[in-house]
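Remarks on the structure that follows.
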Amino acid sequence: MSPMRSQLILVSSLAVLVVAAILVGYATTEVDISPSPQTPVCDNAASALVLWTPQWRPAQKDVPKREVAAEAGLKEFLQTSGCFASSDLRRLPNLTPAEVGAEVASTHGRFNRMVTITLKELGPVIRLLASLTLVDGGTEAAFQIAEYMLPSETPTRTFTVHWRHGGPGVVKGVISLPQDMHDALVVGLQPNKLQP
């Protein structure tokens, strides 16, 4: 084999490795909390009623799968994070004052805290980069949180969380959505910042 041919094979092999490395991708997590900063919503001494509802954009695809994934992520978060001493998760069609008030009344004073979560986005995202062979993808979760100190039915604070995990070359589907919802809640409600 000639030296020129060996160099050509080496250069071709390196080019394939570089393209493969780009396509494999790397993932990063970005979070926008607004207004920011927020103190932890979690309080491991509190008992919390957690109400959630989806508020999807028009023509949202795969709504039933997204809602199942969201509920699984919410349940996992409440069961494993230590966010509250006890909690009860309930899905409502809407978080109108009348519906929220009815839920609070039905608990007969069992909770001293209420958190409402309005889910606006949960799903995979894919953007084509300069070349059709390169993508920028991942998953995102966006929701609004309102915190109430019961028995008051007026929120003490309201804020939004927009969580994104992905990057160039990352392609994810719906399988990771429960974990993504869990991870977004960890960032938004901050159980890791509780005092011992």
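With a Förster radius of 35 Å applied to the C-beta separation of K65 and T107, the computed FRET efficiency comes to 0.70. For segment 42-48, backbone phi angles converted through the Karplus equation (6.51, -1.76, 1.60; θ = phi - 60°) give residue-by-residue couplings of 4, 8, 6, 9, 8, 10, 10 Hz, Gly and Pro being listed as x.
Computing FRET efficiency as 1/(1 + (r/R0)^6) for N44 and R157, where r is the C-beta to C-beta distance and R0 is 25 Å, gives about 0.85.
The count of lysine pairs in segment 25-193 with alpha-carbon distances below 24 Å, taking only pairs 8 or more places apart or on different chains, stands at 10. State the antiparallel share, in %, of DSSP beta bridges confined to segment 25-193, rounding to the nearest 5. Around 70 percent of the beta bridges assigned by DSSP in segment 25-193 are antiparallel ones.
Read-outs: derived from the displayed coordinates by stated rules, not from any lab. Keep in mind it's a predicted model, so treat the numbers as computed, not measured. Because the Cβ atoms are built from the backbone with ideal geometry, glycine has one as well, and the counts that use them run over all protein chains shown.
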